[in-house]
Every structure is written in C-alpha cells, then in structure tokens.
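The structure appears right after this line, and notes come after that.
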Ligand code: C2E
Ligand code: CA
Ligand code: CA
Ligand code: CA
C-alpha cells in the first residue's frame, strides 16, 4: 500500500504539467509579491481629441519579479482572479492610483485616473468601502477617479453589483465600459446603469483605416455613446492616420502607443505639461 501510495504520488507529480506547476508557483509568488512590494503601476496617457491635451491616464498593473523581471498583467491576472488574490491586489492598485492622482492634483494637474476592476471585486459587498478608503486615504477628488468595467461584468446584474454601481456613481466616481463591442449584443444595461464612457475595443480601432467593417462599427459606437450622452474613448491608437480618422468621427478621447505607451507616472506628467495642440 505504501509503494502504491508512492507510485500514485509520482503519477500525479508527473501528470501535473508545467503549466500547472507554473500556475502554483505564480500563486504563491503573487502572495509574496504583494507582501514584498513587487507590484507597481504604469500609466498610459489619455488624450482629448478636441484639444490634444492629456486629460487623464489609465493605471496598468505590472509585476517586477525578482528573477523574471517585468511580468505583464496577462501572465498573472487570470491566476490572481482564480485564487481570489485579485481582491487585495486590486485594492492595492486602487490605493496606489488614487495616491498618484492626488499627487498630480497637488502639483496643479487635474488628470483623471482610470483603474481596471475585476468581476470578483465588483461582486464584493466591501467594494464601496475599499473605494472610499482609497479616496479618503489619498485626498483625490472622486470626480477624478474612473473605474473600468467590462460588459460581461455588468450583465451579471446581481443585487450586490447593482448596489455597488449605484453607490459608486453617487460618490461622483466615473464608470467606463472597457473593451466595448466585444462582449454582448444586449445593450439594455447601458441606460439602466448610467455609465459615463464607452471604451471602443482595440480590435476595432486597430484596423479602422484598413477595414470597412471596423470603421463602421467604430462610427456606430461613437454615435451610440453620443446619443446616450456618454464619452467615446478609443483605445489602441497606433498611428497618425487612425488618430485623424477618430477625430473625423468626433471621437472624444484616445489612448494608444502613438499617443503614449504605458510608463512611469513622470512620463504622463511630462506629456500633460506639453502644449500640444493638433
Ligand atoms: P486593458 O484594460 O484593455 O488595457 C489596455 C491594454 O492595451 C494594456 O495592456 C496596454 O498596454 C495595451 N495597449 C495600450 N495601447 C496600445 C496600443 O496602441 N497597441 C496595443 N497593441 N496595445 C496597447 P496591458 O498593460 O498588458 O494590460 C492587459 C490587460 O490586463 C488590461 O487590458 C486589463 O484587462 C488587465 N489589467 C491591467 N491592469 C489591471 C489591474 O490593475 N486590474 C485588473 N483587474 N486588470 C488589469
Ligand atoms: Ca482597461
Ligand atoms: Ca480595454
Ligand atoms: Ca482587455
């Protein structure tokens, strides 16, 4: 029986593929990273298409791993979500982004700060307390905080989610729908939830100038946003032609490598202080 147990153990050890091992090590690694301060936030500028001014920034989480170097969020956020660690990690991002926004505010820059939320955070009854804590702890004007949600998170439509959104909106915090157009065709939630911005998914923006369908979809989303009195934000702007096309379509705000890559907060501040009319 002892030998069989050992064999069974060996069998499972071998069957556990490298991905699963990586998964486990990342999970414990993530817990350590939070304790040891290995996370940092990069910021990507958001530019007004009317004035060319930097009006805000999106906070994007980075993990500066002691051996692996800078790990992109796609490599660890799914694991953080599965393990529930996204809740304390997300709370840290929120506090850090609010601290940065307040620092900009104190230096005379009125930049909004957009923070990505995970479904798990939105489903928790302590979300409002976490947001209030980040705002109060930093002194950031709630009007300068923006929370980015995805369509799939909003169609869940549970009491907790609806209550969280209602209370967040009541605080003056902005709410935007991220990756808009990739989720669900049922749009009834938009009016019901009183969101502020639609972020047109990168997949449409990327080939706006080369693909007729993408151009039509982008134009339609901008019209939809304006019809509902919402701000239209384009993400993934990688060249001048796309920027010009978006201005032509009356899109309000844009974000992308052409306008500024995600980077340290200083780079956003530098860009925000430039006089940069189109
Ligand atoms: P997202 O919210 O859609 O963020 C935009 C992503 O597009 C970022 O990738 C950004 O670096 C990238 N990007 C920006 N401009 C361009 C462009 O012109 N071209 C291309 N090809 N890409 C561009 P990143 O930083 O790797 O983040 C990936 C995703 O990870 C984010 O997608 C978001 O869903 C998630 N994420 C990032 N930070 C957080 C966070 O603090 N909390 C949560 N829950 N998710 C986060
Ligand atoms: Ca986002
Ligand atoms: Ca997005
Ligand atoms: Ca995304």
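The values are calculated or read from the model by the stated rules, or taken from the named source; none is laboratory data. The structure presented is a predicted model; accordingly, all values stated were derived computationally and were not measured. Reconstructed Cβ throughout: ideal geometry from the backbone, glycine too, with neighbour counts over all protein chains shown.
Quick check on segment 56-69: of everything there that is in a strand (DSSP E or B) and under 12 Å from residue 33 (Cα atoms), which residue is nearest to ligand 4 (Cβ to nearest atom)?
Here the residue is 62.
Could you please let me know if residue 135 is more than 16 Å from ligand 1 (Cβ to nearest atom), surrounded by 15 or more Cβ atoms within 10 Å (Cβ to Cβ) and either at pLDDT below 90 or not in a loop (DSSP other than H, G, I, E, B) (or both)?
Yes: the conditions hold for residue 135.
Within segment 27-39, count every residue that is surrounded by 15 or more Cβ atoms within 10 Å (Cβ to Cβ) and within 24 Å of residue 58 (Cβ to Cβ).
Residues meeting the conditions: 5.
Search segment 43-55 for residues being touching a helix residue (DSSP H, G or I) at 6+ places or on another chain (Cβ under 9 Å) and not in a strand (DSSP E or B), and hand back the single one that is farthest from ligand 1 (Cβ to nearest atom).
Filtering first and then ranking leaves 50.
Are any residues in segment 189-207 part of a helix (DSSP H, G or I) and within 16 Å of ligand 4 (Cβ to nearest atom), and if so, which ones?
Listed by number, the residues that qualify are 202, 203, 204, 205, 206.
In segment 150-187, what residues are in a loop (DSSP other than H, G, I, E, B) and away from ligand 4 (no atom under 16 Å from the Cβ)?
So in segment 150-187, the residues in a loop (DSSP other than H, G, I, E, B) come out as 155-158, 171-173, 181-187.
Listed by number, the residues that qualify are 155, 156, 157, 158, 171, 172, 173, 185, 186, 187.
Residue by residue, here is whether (1) touching a residue at least 40 places away in the same chain (Cβ under 8 Å); (2) in contact with a helix residue (DSSP H, G or I) (Cβ under 7 Å, 6 or more places away or on another chain); (3) more than 16 Å from ligand 2 (Cβ to nearest atom); (4) part of a helix (DSSP H, G or I) holds:
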site	(1), (2), (3), (4)
219	no, no, yes, yes
222	no, no, yes, yes
241	no, no, yes, yes
257	no, no, no, no
276	yes, no, yes, no
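For segment 154-193, give me the residue count where each residue is touching a residue at least 24 places away in the same chain (Cβ under 8 Å), closer than 17 Å to residue 144 by Cα and surrounded by fewer than 17 Cβ atoms within 10 Å (Cβ to Cβ).
Residues in segment 154-193 being touching a residue at least 24 places away in the same chain (Cβ under 8 Å), closer than 17 Å to residue 144 by Cα and surrounded by fewer than 17 Cβ atoms within 10 Å (Cβ to Cβ): 4 in total.
Which one is farthest from residue 47 (Cα to Cα), of the residues in segment 253-273 that are crowded, with 18+ Cβ neighbours inside 10 Å and within 16 Å of ligand 3 (Cβ to nearest atom)?
262
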